[in-house]
Amino acid sequence: MKDCGHGEGGSTAAGEPPPPGGRLRRAALAGNPNVGKSSLFNRLTGLHQKVTNYPGVTVERKSGRMETPAGPLEVVDLPGSYSLSPHTVDEAVVRDEIRGLAGSPPPDLLVLVLDASNLSRNLFFALQLLDTGIPAVAALNCVDAAAAEGISVDAGALSRLLGIPVVPTCGRTGEGVEALRAAVAAGGAPGSPPAPAWLPEVEAAAAALAAPLAERFGGVEEARRRLPEILGSEGLFQELAASLPEDLADRARRERNSLAARGVDAATATAEARYRMVDAVVAEVVRAPLASLSWRERLDRVLTHRVSGTLILLGLFTLVFQALFAWSGPLMDGVGALFGLLGDGVAAAVPEGLLREFLVDGLVAGFEGVVVFVPQIAILFVFIEVMDDSGYLARAAFLLDRLMGKAGLPGRAFLPLVSGFACAIPGIMAARTIKDPRDRMATIFTVPFMSCSARLPVYTMVVGALFSEGRVFGFLATGTVIMISMYLLGIAAGLLSAGLLRRTVLRGGRSPLLLELPGYRWPQPRSVLLEVGRRTWQFVSRAGPVIVVLTVVLWVLAAFPREVDLDRDYDALRAEAAAAAGVAPDAPPEAWTEGLRAEMVRIDDMEGAERSARSWAGRIGRTMEPVLAPLGFDWKIGIGIVASFAAREVFVSTLAVVYAAGDAGEEDEALLSRIRSDVDPGTGRPVFRPLVGISLLVFFVLAMQCMSTLAVVRRETGGWKWPLLMLGWMTGLAYVGSLLVYQVGSALGF
Amino acid sequence: MTLRATPVGGTARIGRLTGDPALRERLVELGFAPGQSVRVLRRAPLGDPVEVLVRGYRLAVRAAEADLLEVEAAAPAGAAAGAGRGPAFGAPTDV
């Protein structure tokens, strides 16, 4: 029975259709999720891989080249799938690729990857695939793991029953890969699986419909032969009904509905029949012990236990957190130092002036802004890949599903959210492990609320300037309490937003959870590193251009216009200072006295502050003042907020310029004391009161101030709808939040 | 009775499936065909989802999905092996 003809002109004959001239023969690796498909793919293709996206969806298409004695072959690693009746986007992609609906003809060869320790469910999909008539070979994978559990599979008998070559393999050690390569090169065989036994009721319904649908199938006999499978499958039947004219579709529906009256579940009859075939095969080829307490089960008892499982989960995520914040520090400092050297090198090579400023403050700073995130992202993806490869990620999802469910999120959303504490971008990319589109969207929407590491310098600065003293309950530092509150505020706002989203835009019940808990495996360093490298490069190539361009744009806003009327003649001030110190006005800095040097820095800072106030960024800040005043922000903070849309941490360095504190960091005493002593000329009160500080913190927790995140969301969701909704919602929430804090606080007299 | 009510450690034989047809088909594809015997391994710390051993592999389903699977409680643990259709894949007794 071949059903590859559902598509237009799909008629892969059982023989070997020679590929049209010029096109490489294409082999597709197909199988259930978690069967070691990818490691076999890596083994077969080495590093000759190409990852693209299937058109219109965010499913990745991995393909590679394999050299064989008969010439090169294109190998495609299809996403893991349980059935050709698709339930997820991934599975729809697999069906389209196999049926040749994806714009290219069906593959010339299928490599069925079967997990030897879990053969029965694996064979279900394999039999479906063999029914397409596409020549196939089977890789009986993980034979070593199966043997360790006492399960043995007779590969010879399996090959005989299915009518295709069966090669025992182990993707982890590479065992059997050469034999598999040879079998693939030989082209496989069309297969001759045992004939399915359809229920007589289904056969009767098929017979009744064969004549009216003869045209659709190209003959009454062909229709009678193919219809039982379709009638007994919800997925296949809906596909057929959608392709029929309305009257025929109605006729088919009526005939199918009558099956229920005869006690047959038409939605599941085909799957049940196929499992009867599977059982017949399994009975002949598998020898398994009746009882076994495997080490996997012992491990599971610990890892999913109410107490130990929860503690281990907390411990692991603390470790991830620690790695992201503490261990990535030296690497990030290294990146900073490297770019510092690069900037110095450029400064030495290019004469002082606009070009040098553009290169150093615009371009080099922009590239630094991209590369500085690479250590955190790489570390994060190492954790994700190891947890995913080892099978732990599914356990974490199992433990957390209920908790995340309260916000309408799936258990798998936990990891992207934790990633969000480092940077929203890898978190949003990690949301790809969530297959349901609505669950995935809700997760992507929640991630940017987590306080990322770019917010931390802002928190540190505000807390350092305003809350460095004082205790709560006598022992907790006020600063610590405020920091923790900000993290909690982000989490609460994110989860509430997700919950709201699931009740409005993404309305509908949670998609069913059918989560396989795969056997534990040792992650393979080679696969992990390949994947981490790929993901990191994805970040650099996707977010990179946006970050660089925005940094340059913000540099332009802050550095132009060049010619402005300044309140004071700073060159005259410099000459005066030099004269007062008894140094010639044109003396080189090396000849300056200690006091003069400090005075010169002070004058430079003052000039910088005035220039930035008169720059376009400064004008935007002043224009925004009426909007920001109700939140307690003046135009200086306004400039900082404008600048922080490139990257939040830019806020600190911008304030340093505006407050004429030179090139200050977030804990620089000069900056902090200037911020503290800044007085509003109108009211005579300090600009940075504690209430303003809280209002500012709330704004930074909630606002969507990261253009790179928006750019990545656009790439991941394929349009502007979601990024714009995110920008509007988060920034609106931030405005209202800060407004409430400042107005209520002011009314209460703070 | 549905799978939801099956106690941890208990074995049950799947009867009728209810709910949305597409979901019924997927449940059977994953191994929950009528007559198949499955075993409830554990519940998550918050009581949901539940981990089930079916056809020799482990699958977590929420209570909402477990409720779609009507079951007949099979013999207590120990006598259930072989009750499934897959030889030796029904429910390893001592897991």
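The values are calculated or read from the model by the stated rules, or taken from the named source; none is laboratory data. Small disclaimer: the values here were computed from a predicted structure and weren't measured. As a convention, Cβ positions derive from the backbone with ideal geometry for all residues, glycine included, and neighbour counts pool all protein chains shown.
Is one or more of the residues making up region B:74-92 buried (at least 24 other Cβ atoms within 10 Å of the Cβ), touching a helix residue (DSSP H, G or I) at 6+ places or on another chain (Cβ under 8 Å), part of a loop (DSSP other than H, G, I, E, B) and modelled with pLDDT of 55 or more? Within region B:74-92, none of the residues are buried (at least 24 other Cβ atoms within 10 Å of the Cβ), touching a helix residue (DSSP H, G or I) at 6+ places or on another chain (Cβ under 8 Å), part of a loop (DSSP other than H, G, I, E, B) and modelled with pLDDT of 55 or more.
For the residues A:Gly309, A:Gly336, the requirement of being out of contact with any Leu (no Cβ under 8 Å at 6 or more places or on another chain) and either exposed (fewer than 14 other Cβ atoms within 10 Å of the Cβ) or modelled with pLDDT of 85 or more (or both) singles out A:Gly336. Put simply, of A:Ala271, A:Ala348, A:Ala323 the only residue that is surrounded by fewer than 16 Cβ atoms within 10 Å (Cβ to Cβ), in a helix (DSSP H, G or I) and of a type in the set (Gly, Ala, Ser) is A:Ala348.
For A:Ala136, the requirement of being at pLDDT 95 or above and away from every other protein chain (no Cβ under 14 Å) is met. Residues of region B:19-33 that are more than 7 Å from chain A (Cβ to nearest Cβ) and at pLDDT 95 or above: B:Leu27, B:Phe32.
Could you list all residues from region A:304-320 that are of a type outside the set (A, V, I, L, M, F, W, C), within 14 Å of another protein chain (Cβ to nearest Cβ), part of a helix (DSSP H, G or I) and free of Cβ contacts under 8 Å to residues at least 40 places away in the same chain? Correct list: A:Ser308 only. For region A:188-204, indicate whether the set of residues that are buried (at least 23 other Cβ atoms within 10 Å of the Cβ) and more than 18 Å from A:Thr132 (Cα to Cα) is non-empty. Yes, region A:188-204 has at least one match. If you go through region A:156-170 one residue at a time, do you hit one that is touching a residue at least 24 places away in the same chain (Cβ under 8 Å), within 14 Å of chain B (Cβ to nearest Cβ), closer than 30 Å to A:Arg296 by Cβ and in contact with a strand residue (DSSP E or B) (Cβ under 8 Å, 6 or more places away or on another chain)? Checked region A:156-170: no residue is touching a residue at least 24 places away in the same chain (Cβ under 8 Å), within 14 Å of chain B (Cβ to nearest Cβ), closer than 30 Å to A:Arg296 by Cβ and in contact with a strand residue (DSSP E or B) (Cβ under 8 Å, 6 or more places away or on another chain).
Condition test on A:Leu240, is it more than 8 Å from every other protein chain (Cβ to nearest Cβ), within 30 Å of A:Gly163 (Cβ to Cβ), in a helix (DSSP H, G or I) and of a type outside the set (Val, Ile, Thr)? In short, yes.
The residues of region A:485-498 that are within 15 Å of A:Val447 (Cβ to Cβ) and not polar (S, T, N, Q), listed by number, are A:Tyr487, A:Gly490, A:Ile491, A:Ala492, A:Ala493, A:Gly494, A:Leu495, A:Leu496, A:Ala498.
Residues that are within 13 Å of chain B (Cβ to nearest Cβ), more than 27 Å from A:Met726 (Cα to Cα) and in contact with a Lys or Arg (Cβ under 7 Å, 6 or more places away or on another chain) within region A:377-432 comprise just one, A:Gly391. A:Glu531 meets each of the listed conditions (1) more than 30 Å from B:Asp48 (Cα to Cα); (2) in contact with a Leu (Cβ under 7 Å, 6 or more places away or on another chain); (3) among the acidic types (Asp, Glu) apart from (2).
Exactly one residue among A:Ala223, A:Ala205, A:Ala157 is in contact with an Asp or Glu (Cβ under 6 Å, 6 or more places away or on another chain) and not assigned by TED's automatic domain parsing to the domain that holds A:Asn34, and that residue is A:Ala205.
Criterion applied to A:Pro196, A:Pro228 was being modelled with pLDDT under 90 and either outside any loop (DSSP other than H, G, I, E, B) or within 19 Å of A:Ser83 (Cβ to Cβ) (or both), and the one residue passing it is A:Pro196.
The residues of region B:14-36 that are part of a strand (DSSP E or B) and buried (at least 17 other Cβ atoms within 10 Å of the Cβ), listed by number, are B:Ile14, B:Leu17. Is it fair to say A:Asp279 is within 8 Å of chain B (Cβ to nearest Cβ) and more than 36 Å from the chain's Cα centre (by Cα)? Considered against the rule, which asks whether it is within 8 Å of chain B (Cβ to nearest Cβ) and more than 36 Å from the chain's Cα centre (by Cα), A:Asp279 comes out as yes.
Kindly evaluate A:Ala492 against the criterion of being surrounded by 19 or more Cβ atoms within 10 Å (Cβ to Cβ), among the small types (Gly, Ala, Ser) and within 20 Å of A:Leu702 (Cβ to Cβ). The answer is no for A:Ala492. Residues considered: A:Arg356, A:Arg301. Of these, the only one that is charged (D, E, K, R), away from chain B (no Cβ under 14 Å) and either farther than 23 Å from B:Glu51 by Cβ or surrounded by 14 or more Cβ atoms within 10 Å (Cβ to Cβ) (or both) is A:Arg356.
Residues checked against (1) free of Cβ contacts under 8 Å to residues at least 60 places away in the same chain; (2) out of contact with any helix residue (DSSP H, G or I) (no Cβ under 6 Å at 6 or more places or on another chain); (3) more than 19 Å from A:Glu385 (Cα to Cα); (4) of a type in the set (Phe, Trp, Tyr):
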position	(1), (2), (3), (4)
A:Leu73	no, yes, yes, no
A:Thr88	no, yes, yes, no
A:Val93	yes, yes, yes, no
A:Leu112	no, no, yes, no
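Scanning region A:282-298 for residues that are at the interface with chain B (Cβ under 10 Å from one of its Cβ atoms) and either in contact (Cβ under 8 Å) with a residue 24 or more places away in the chain or in a loop (DSSP other than H, G, I, E, B) (or both) returns A:Val282, A:Glu284, A:Val286, A:Arg287, A:Ala288, A:Pro289, A:Leu290, A:Ala291, A:Ser292, A:Leu293, A:Ser294, A:Arg296. Applying the set (1) in contact (Cβ under 8 Å) with a residue 40 or more places away in the chain; (2) surrounded by 20 or more Cβ atoms within 10 Å (Cβ to Cβ); (3) within 7 Å of chain A (Cβ to nearest Cβ) to B:Leu53 leaves exactly one unmet item: (3).
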